[in-house]
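Asks: Here you go, one structure.
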Amino acid sequence: MSYIKRDIESKIISLTKEYPCILITGPRQVGKTTVLHHLMASDRNYVTLDDLEERKLAKTDPVLFLQMHDLPLFIDEVQYAPELFSYIKIAIDNGAAPGSFWLTASEAFRTMGLAQESLAGRTAILHMPSLSQHEIYGSGVNTPFSVELSALKIRRVTGTVTNIEGIYQRIWNGSLPGYVSGKFTDRDVFYFSYLQTYIDRDVSELVALTDKLLFQDFVRAAACRAGQMLNVHDIAQDVGVSDDTAKRWLQVLEKSDIIFYLRPYSNNLLKRTVKTPKMYFFDTGLVAYLTRYSSPEILQNGAINGAILENFVVAEILKSYQNNAQDCLLWYYRDKSSNEIDMVIESDDQLHPLEIKRSVNPGSELVGAFSILDKGSVPRGTGAVLCMRPELSAINAQNYIVPIWMI
């Protein structure tokens, strides 16, 4: 097993020199602790709140806890003791040096809210996703995905070429470091353990569960609809829970970074657009495990092959921004006449439409829907078809053909 260099490392290093506190959030087992251990100097002290004695002290006497651990300090799983935030604020206000506190947390929404209340202007908050294609297979410096030609040419050099079989192997393998790095080799055991740990430790913190197996069935029902428009009622019916329960449980999956949404793009000049978001999973390996695809070859020809490919592409584009500590305005477009664009990136006051296809030779008709965006108030920029073509190409001067391996 070897350490996989993370694209976010350079941001952590540079921000440590500027901010007294760095908070890294992200899903369970994406490598937050590992990357900070890799980067930390010998003089930095480490404590984890997975240790129940340390957690008890941090919650009941945060002042004494901070006195017991000298700066610079790395506090792992800080979400278990939010009482610390107020006292970290005091330490910063009293002159704590840049880099004094490194914090990690697995519950992004709640922890970020508490941190922003207590540490506003004092903390750099970074979100660390699971491994990206670039981190696993690429080289060079990560940059946020862009459909500008100069940026695409750079990605052509830093990516690793593969074909459709290789892409579905990447999708099936997933993006969790424990499996991708080779630390664990039995994929089924790995994902079974991951799911059980998630339900036992994270879900139980967010919702009172009377039936853990029912929640596991719920996650599986959601995975069957990854990359599709959200239909809460259908998911609820599959599992046998109420729509209200399904909505609450989806919020749990979102808060714990298992799923995320793309919202439909709309503005005041596009009045017939739908309002329903599309749901995606951060890790396609988990989707393949939950939907019981036993090999990448079967997945490639299975019923969800298009939806899971779209899920993979959307997640990879999002990761390219998160790893560069940048926000990304991502949307999809669909109107009541069933005109649809898989993704729309809003950047520099332009809309960049994207289509995602399994095809090796996509036709020009795939970009026909892009012109719908011309009716809106934001100008349309260059677009692209993201597909299985091995090399960068173009449909015309305004629409490129981009291999999925380049993302």
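Asks: Cβ contacts < 7 Å: first residue at negative phi and modelled with pLDDT of 95 or more, restricted to segment 30-58; second residue assigned to a helix (DSSP H, G or I) and surrounded by fewer than 19 Cβ atoms within 10 Å (Cβ to Cβ), any location; separation 6+ or different chain. Result?
Replies: VAL35/GLU9; LEU39/GLU9; LEU39/ILE13; LEU49/ARG55; LEU57/LEU64
Asks: So, one more: Quick one: which residue in VAL344, VAL378 is more than 22 Å from ILE407 (Cα to Cα) and either hydrophobic (A, V, I, L, M, F, W, C) or assigned to a strand (DSSP E or B) (or both)?
Replies: Details: VAL344 fails: more than 22 Å from ILE407 (Cα to Cα).
After ruling out the rest, the residue left standing is VAL378.
Asks: Would you pick out the residues in segment 303-320 that are surrounded by fewer than 18 Cβ atoms within 10 Å (Cβ to Cβ) and outside any helix (DSSP H, G or I)?
Replies: Hit for segment 303-320 is ALA303, nothing else.
Asks: Can you find a residue in segment 36-56 that is crowded, with 18+ Cβ neighbours inside 10 Å and farther than 24 Å from LYS89 by Cα?
Replies: No, segment 36-56 contains no residue that is crowded, with 18+ Cβ neighbours inside 10 Å and farther than 24 Å from LYS89 by Cα.
Asks: If a residue has to be in a loop (DSSP other than H, G, I, E, B) and among the β-branched types (Val, Ile, Thr) to count, how many in segment 207-229 make the cut? Show your work before the answer.
Replies: Within segment 207-229, the subset in a loop (DSSP other than H, G, I, E, B) is 207-211, 224-227.
The next check asks that each one be among the β-branched types (Val, Ile, Thr); those that pass are 207, 210.
The qualifying residues number 2.
Asks: Scan (1) basic (Lys, Arg); (2) surrounded by fewer than 16 Cβ atoms within 10 Å (Cβ to Cβ); (3) touching a residue at least 24 places away in the same chain (Cβ under 8 Å) for the single condition LYS212 breaks and write down its number.
Replies: So the condition that LYS212 fails would be (3).
Asks: Look at TYR179 and say whether it is closer than 20 Å to PHE282 by Cα, among the hydroxyl-bearing types (Ser, Thr, Tyr) and at pLDDT 95 or above. So that I can check it myself, show each step before the final result.
Replies: Numbers: closer than 20 Å to PHE282 by Cα: yes; among the hydroxyl-bearing types (Ser, Thr, Tyr): yes; at pLDDT 95 or above: yes.
The answer is yes for TYR179.
Asks: Return the total of residues in segment 157-182 being surrounded by 15 or more Cβ atoms within 10 Å (Cβ to Cβ) and assigned to a helix (DSSP H, G or I).
Replies: Filtering segment 157-182 for residues surrounded by 15 or more Cβ atoms within 10 Å (Cβ to Cβ) gives 158-159, 162, 164, 166-181.
After this cut, where a residue has to be assigned to a helix (DSSP H, G or I) as well, the list is 158, 164, 166-173, 177-180.
Selection size over segment 157-182: 14.
Asks: For segment 245-259, check the following and say yes or no: at least one residue is β-branched (Val, Ile, Thr), in a loop (DSSP other than H, G, I, E, B) and more than 15 Å from the chain's Cα centre (by Cα).
Replies: Keep residues of segment 245-259 that are β-branched (Val, Ile, Thr), which gives 245, 252, 258-259.
Checking the rest, the ones that are also in a loop (DSSP other than H, G, I, E, B) come to 258.
Now narrow it down to the ones that are more than 15 Å from the chain's Cα centre (by Cα): none.
Looking for residues that are β-branched (Val, Ile, Thr), in a loop (DSSP other than H, G, I, E, B) and more than 15 Å from the chain's Cα centre (by Cα), one finds none in segment 245-259, hence no.
Asks: Go through segment 20-71 and report how many residues are closer than 26 Å to GLY174 by Cα, assigned to a helix (DSSP H, G or I) and of a type outside the set (Val, Ile, Thr).
Replies: Residues that pass the stated criteria total 5.
Asks: Can I ask one more? Which residues, taken from segment 183-203, are acidic (Asp, Glu) and more than 15 Å from ARG292 (Cβ to Cβ)?
Replies: So in segment 183-203, the residues acidic (Asp, Glu) come out as 186, 188, 200, 202.
Listed by number, the residues that qualify are ASP186, ASP200, ASP202.
The values are calculated or read from the model by the stated rules, or taken from the named source; none is laboratory data. All values reported here derive from a predicted model rather than from experimental measurement. All Cβ positions, glycine included, derive from the backbone under ideal geometry; neighbour counts span all protein chains shown.
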